[in-house]
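Note sheet for the following structure.
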Amino acid sequence: MGEMAKEEMIKEQILDVAVIGSGPAGATAAIYAKRAGLSTLVLEGNYVQGGQIINTYEVDNYPGLPGISGMELAEKLKEHMQAQGVDTVRAKVNGITVENEIKVIHTKKADYRAKTVILAAGAVHRKLEVPGEDELGGMGVSYCATCDGAFFKGKTTVVVGGGDVAAEDAVFLARGCEKVYLIHRRDELRAAKVLQDAVRENDKIELCWNRRVTAIGGEDQVEWIDTEDVNTGEKKRMKVDGVFIAVGITPDTGFVKGFIDLDDHGYIIAGEDGKTNVPGIYAAGDIRTKQLRQIITAAADGANCITSAEEYLRNKSV
């Protein structure tokens with residue numbers, strides 16, 4: 001059966017489970033759902049499946065797979081889903097409504113219906129919201145060092161941020177760049193100690209404490225950034241060829257705002273069982289309130305959500 005015919009057939013079904021997102025949380029949920037004998041569909045808005053991990057150069061904290069690249073892990077998740085017979089449709093979800101307890105998932109191309117929904121859309125990169133950031137996007141401004149770092153071999157770059165991703169990006173860029181500045185608005189990094197050590201031990205990386213970027217500029221490509229000392233107000237212009245922004249993530253929950261309960265930061269309020277305020281809808285991975293956002297906890301969320309969904313489906317069939 002062709003892909004178009006399959007999609008048409010799926011549109012007419014009332015599925016047991018619809019999973020929104022194909023990162024570790026969504027992929028795990030889909031695999032567990034199919035293994036439980038549930039009709040399952042994954043909806044992914046991006047061209048490449050895998051979520052945030054596709055932007056990770058090296059995954060060194062997932063048990064049993066030390067040193068695997070994010071792209072490789074994403075491919076393995078995709079292969080596992082395909083082996084289980086999971087159907088995937090590329091479509092961005094615009095909203096969800098409920099009709100007689102059936103969840104209707106609205107996309108630009110079609111509506112899909114399911115008895116339960118797993119929200120695993122993850123998060124998107126947070127912006128600095130400074131002049132020049134949007135205008136020079138793709139022209140020296142990047143949110144993915146592993147994606148774009150190769151374009152800056154032998155050049156000078158700056159990483160903005162102080163967490164694990166920022167430290168990882170700085171170390172990664174230093175492999176090919178002549179110089180890497182790591183700018184953080186505080187006087188210490190939040191990154192794990194092993195990453196902090198790697199940054200400090202690298203002669204190509206220069207730490208710039210207590211500074212924030214106020215503007216990014218250049219003619220058709222990044223040429224400089226303006227920074228300001230957060231304590232003294234001292235301003236400084238730095239010549240750089242590329243700016244890599246790693247200041248955190250924002251949950252991709254706009255499509256359920258006003259429908260699903262969110263916390264003050266936009267994360268879906270849900271516990272370990274994944275249950276949201278709407279019966280039959282669950283949240284997994286970076287999109288939900290939780291202490292630790294890692295691949296292993298995302299995968300665990302996906303499995304827990306399917307356990308909750310199975311319980312819901314059993315009770316509804318009585």
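Throughout, read-outs are computed from the coordinates displayed, never taken from laboratory work. No experiment lies behind these values; they were computed from the predicted model shown. For neighbour counting, all protein chains shown are included, and Cβ atoms are generated from backbone atoms with ideal geometry for every residue, glycine included.
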**Item:** Shape category assigned to region 141-245 from the gyration tensor of Cα positions, a/c cut at 1.5
**Value:** oblate
**Prompt:** Lysine pairs, Cα distance under 17 Å, 8 or more residues apart or cross-chain: how many in region 137-242?
**Reply:** 9
**Asked** With charges set only on the Cβ (+1 for Lys and Arg, -1 for Asp and Glu), what does the dipole of the chain come to about its Cα centre, in debye to the nearest 20?
**Response** 400
**Message:** Taking 0.36 nm per residue of sequence separation and subtracting the Cα-Cα distance, how much length would be gained by fully extending the chain between residue 204 and residue 269, in nm to one decimal?
**Reply:** 19.2 nm
**Request:** Kindly put 126, 288 in sequence by how many other C-beta atoms sit within 10 Å of each C-beta, fewest to most.
**Result:** 126, 288
**Asked** Straight-line reach from residue 290: which lysines have Cα under 21 Å away, leaving out those fewer than 8 places along the same chain?
**Response** 257, 275
**Message:** Less than 17 Å from a label point 7 Å out along the Cα-to-Cβ axis of residue 311: which backbone N atoms in region 99-118 qualify, by residue?
**Reply:** 116-118
**Prompt:** Among 33, 110, 123, which one moves the most in a GNM of the chain with springs linking Cα atoms closer than 10 Å?
**Reply:** 110
**Asked** So what J values fall out for region 201-217 if you push phi through Karplus, 6.51 cos²θ - 1.76 cosθ + 1.60 with θ = phi - 60°, rounded to Hz, Gly and Pro as x?
**Response** 7, 8, 5, 7, 9, 10, 7, 10, 7, 6, 10, 10, 7, 10, 6, 10, x
**Item:** Neighbour-count ranking [beta-carbon atoms within 10 angstrom, fewest first] of 164, 60, 229
**Value:** 60, 229, 164
**Item:** the chain - mean residue ellipticity at 222 nm from DSSP helices (-39,500 (n - 2.57) per run, n ≥ 4, rounded to 500)
**Value:** -8000 deg cm²/dmol
**Request:** Report the Stokes-Einstein translational diffusion coefficient (µm² s⁻¹, integer) for region 194-276, Rh taken as the Kirkwood radius over Cα pairs, at 25 °C with viscosity 0.890 mPa s.
**Result:** 146
**Complete:** Once amide hydrogens are built 1.01 Å from N within the peptide plane, the residues lying 5 or more places from residue 50 or on another chain with amide H under 5 Å from its amide H are 22, 23
**Request:** Between the alpha-carbon centers of region 7-71 and region 83-157, tell me the distance in whole angstrom.
**Result:** 13
**Asked** By per-residue mean of other Cβ atoms within 10 Å, what is the highest-first order of 295-301, 131-137?
**Response** 295-301, 131-137
**Complete:** Out of 280, 258, 95, a Gaussian network model of the chain with alpha-carbon springs under 10 Å gives the largest mean-square fluctuation to 258
